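These notes concern the structure reproduced below.
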Amino acid sequence: MIKVSYLVSYDYFMLLTSIRQLYDYVDKIVVAIDLDRKTWSGNTFEIPESFFVEIRKFDIKNKIDFYFDVFYLPELTPMENESRERNMALSKLGRGWKIQLDVDEYVYEFKTVAAYLKKYWFLSLYPRLTPICLNGKLVTLYRQLPEGYLYIENNEQFPFITNQNTNTQTRTNYRIRNFQTNINVIHQSWARSENEILIKIKNWGHRDDFDTMKYFDFWKSLNVFNYKNYKNIHPLSPEVWNELYFLECTTSDEFIAKFSNKNMQVLSPMPIKKIVKSAIKKILGKE
């Protein structure tokens, strides 16, 4: 089975764009929302009732479950609260391939991704023997301009699919094998309104990791004429976002359509022999 978890707060309005990419090909979707409407930083957010009405109307196959719990603890850092919520949501998925997404992450051509995961269905039968986390490649939408989107495409990897029940930090499990699948995931990331970006940087897990307001001013200064002048612009690891590209379009849906037409999902086969050998060693008590 293929199951998906989402963490939803102030950017709830992006959720359906993400769900539409995969809804027909997954078995279960868990949407985690803080019971007290608190972010990982303890700030309050609101979600209108119309959001829940829209989701229920869309969910014609009854695949979507809302999971309400207390995900903010004041004694924890934002990153610790994030890791805690991701694990709590992960625990609701049960056995199978478990995909951990944020609302602004869009896995296009998911039919191909689903076929890939089902090909390796046996790896989810005894996850203790075949622990693995699958990495994707982020295509980061950086800034929406009147003319289109600035974006980054440089093979930046991130973990988001697992057969395990817990992570060690956020979506990462440092104790198990990580494998690069080449699944492209479009990440809305910084391509939001100025007000939405301010809300994001005041509440996300990286709130205390860099001078967010200085970086916000830099982000605002970019336009279709000057973006080529800047390299290595990631706020934490500059070289991770080494170069900006531009695609003419008006909406994220149009970006997804145009980008996917030129960049089909071509996935890498998993190293099954290595995984099986490792499983045998575990059975024999040699690992």
Extending each Cα 7 Å along its Cβ direction at Ile60 and Leu35, get the distance between those two points in nm, one decimal.
3.5 nm
Once fully extended, how much extra length lies between Leu16 and Tyr174, figured as 0.36 nm per residue of separation less the alpha-carbon to alpha-carbon distance?
53.8 nm
If each K or R counts +1 and each D or E counts -1, the residues other than Asn184 whose Cβ falls under 9 Å of its Cβ total -1
Roughly how far apart, in whole Å, are the Cα centres of the stretch 20-57 and the stretch 79-158?
17 Å
What ³J(HN,Hα) values, in whole Hz, does the Karplus curve 6.51 cos²θ - 1.76 cosθ + 1.60 give for the stretch 47-62 when θ = phi - 60°, with x put for Gly and Pro?
10, x, 4, 4, 4, 5, 4, 5, 5, 5, 5, 5, 7, 6, 9, 6
The pairs in Lys111/Lys200; Lys111/Lys262; Lys137/Lys281; Lys3/Lys111; Lys98/Lys277 lying past 21 Å Cα-Cα in this model are Lys111/Lys200; Lys137/Lys281; Lys98/Lys277
DSSP loop trypsin sites (Lys or Arg not before Pro) in the stretch 126-155 with at most 12 other Cβ atoms within 10 Å of their Cβ, which ones?
Arg128
Just the number: Rg to Rh for the chain, Cα atoms, Kirkwood Rh, two decimals.
0.96
Per DSSP, loop GluC sites (Glu not before Pro) in the stretch 45-141 with at most 14 further Cβ within 10 Å
Glu46, Glu75
Net charge contributed by nearby residues that have their C-beta within less than 12 Å of Val224 (K/R +1, D/E -1)
0
Neighbours of Thr44 by Cβ distance under 10 Å: Lys/Arg at +1, Asp/Glu at -1, summed charge -1
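Throughout, read-outs are computed from the coordinates displayed, never taken from laboratory work. Only a predicted model underlies this, so the values are computations on that prediction, with no experimental measurement involved. All Cβ positions, glycine included, derive from the backbone under ideal geometry; neighbour counts span all protein chains shown.
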